[in-house]
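Data first, discussion second: the structure below is written as structure tokens.
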Amino acid sequence: MEFVKTNPARLYALAVAVLALVAFYVPELPTELVLGVVAALLGTGEAVQRTENRKTARAYAEIPRA
């Protein structure tokens, strides 16, 4: 679980890549199913972006100021 917390962008990229491969190699999948997963991944992408922004803000706040 620690890996998920520290690397959400990597996991998100992997999920998107797997979806693209599945959609390409399994063309008989219903379009509605693929679009539903795409919509869910877009929502997940927003959460990943917020997590990464928090990590960046924390790291920036730890920089010593002269």
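Leu29 meets each of the listed conditions (1) assigned to a helix (DSSP H, G or I); (2) surrounded by 10 or more Cβ atoms within 10 Å (Cβ to Cβ) apart from (1). Glu52 satisfies every condition listed in (1) under 21 Å from Pro8 (Cβ atoms); (2) free of Cβ contacts under 8 Å to residues at least 40 places away in the same chain; (3) charged (D, E, K, R) except (2). Restricted to the stretch 55-64, and to residues there that are open to solvent by 90 Å² or more (accessible area, probe 1.4 Å) and not in a helix (DSSP H, G or I), the residue that is farthest from Pro8 (Cα to Cα) is Pro64.
The values are calculated or read from the model by the stated rules, or taken from the named source; none is laboratory data. What you see is a predicted model, and the numbers here were worked out from it, not measured in a lab. All Cβ positions, even for glycine, are placed from backbone atoms using ideal geometry, and neighbour counts span all protein chains on display. Note: areas computed on protein heavy atoms with side chains; ligands, DNA, RNA excluded. Shrake-Rupley method; radii C 1.70, N 1.55, O 1.52, S 1.80 Å.
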